[in-house]
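> The structure is given below, and queries will be raised subsequently.
What follows is calculated from the coordinates using simple rules that are stated; it is not laboratory data. Owing to the predicted nature of the structure, the values given are computational and were not obtained by experimental measurement. Cβ placement follows ideal geometry from the backbone for every residue including glycine, while neighbour counts extend to all protein chains displayed.
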Amino acid sequence: MNIGKSMMLATVGFGLAAGIAYEAAAQVKPEVLVKQRKAAMTLIAKYIGPVGAMVQGKIPYDAAVVARNASFAEALSKMPWDGFETSTQNFKETRAKPEIYSNSAKFNAASDSMQTEIGKLAAAARSGDQNAVKAAFGGVGKTCKACHDDFRND
Ligand code: HEC
């Protein structure tokens, strides 16, 4: 086989493989998307929760745990959003309100502000300033509540 032909075959092979991958990504089932976005939310709560207990003095403050948890939450805060696809709208096992799709600008703004506030919490945690962590935690909690009030069923 000459080099030109084998390169061409390799290119065709890559294209086919990539095409299959794109198609698979475009067809993630609604129930999987819902499960993934709930999982991301659950993990955010898992890592934010102890930070809240520490800033409220319910458990001893541990700066290393705060820094780790805040950085986990910072990464996780970026993850739920691509699970809110319109394909999930009619799926039953969800508390997501239809306004997420009819007022997506407001939903996206709420998501952005949560990511901003968690970013501030992570920065405060890295600085080791306990008062800054406490202040930033308050900001995070408000963004969770605001979005749940508007976009999540009880
Ligand atoms: C921009 C909107 C928005 C923000 C901000 C937000 N959430 Fe949510 N959250 C939702 C929606 C919508 C659901 C319902 C998802 C579903 O049932 O499909 C949800 C569900 C949850 C759940 C339940 C997951 C499950 O298994 O059913 C938890 C826990 C949660 N959020 C925690 C948090 C925490 C903690 C924060 C703040 C750090 C937060 N959320 C910020 C919109 C938001």
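> Restricting attention to region 33-67, which residues are surrounded by fewer than 16 Cβ atoms within 10 Å (Cβ to Cβ), part of a helix (DSSP H, G or I) and either among the hydroxyl-bearing types (S, T, Y) or touching a Ser or Thr at 6+ places or on another chain (Cβ under 6 Å) (or both)?
Scanning region 33-67 gives a single hit, T42.
> Mind checking which residues of region 76-102 are under 17 Å from C144 (Cβ atoms) and more than 10 Å from the ligand (Cβ to nearest atom)?
K78, M79, listed by residue number.
> Return the residues of region 135-151 that are surrounded by fewer than 16 Cβ atoms within 10 Å (Cβ to Cβ) and not small (G, A, S); say none if nothing qualifies.
K142, K145, H148, D149, D150
> Take the conditions charged (D, E, K, R) and more than 11 Å from the ligand (Cβ to nearest atom) and apply them to D112. Does it pass? Lay out the reasoning, then the answer.
Values: charged (D, E, K, R): yes; more than 11 Å from the ligand (Cβ to nearest atom): no.
Answer is no for this residue.
> Can you pull out the residues in region 103-126 that are surrounded by fewer than 19 Cβ atoms within 10 Å (Cβ to Cβ) and within 18 Å of V34 (Cβ to Cβ)?
S104
> Go through (1) near the ligand (Cβ under 10 Å from one of its atoms); (2) part of a helix (DSSP H, G or I) and name the single condition A70 misses.
Only one criterion is unmet by A70, namely (1).
> Which count do you get for residues in region 127-154 that are touching a helix residue (DSSP H, G or I) at 6+ places or on another chain (Cβ under 6 Å), part of a helix (DSSP H, G or I) and either under 22 Å from A63 (Cα atoms) or away from the ligand (no atom under 12 Å from the Cβ) (or both)?
7
Conditions tested, residue by residue: (1) among the basic types (K, R); (2) touching a residue at least 40 places away in the same chain (Cβ under 8 Å).
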{"position": "T94", "(1), (2)": "no, yes"}
{"position": "Y101", "(1), (2)": "no, no"}
{"position": "K106", "(1), (2)": "yes, yes"}
{"position": "E117", "(1), (2)": "no, no"}
{"position": "G128", "(1), (2)": "no, yes"}
{"position": "G139", "(1), (2)": "no, no"}
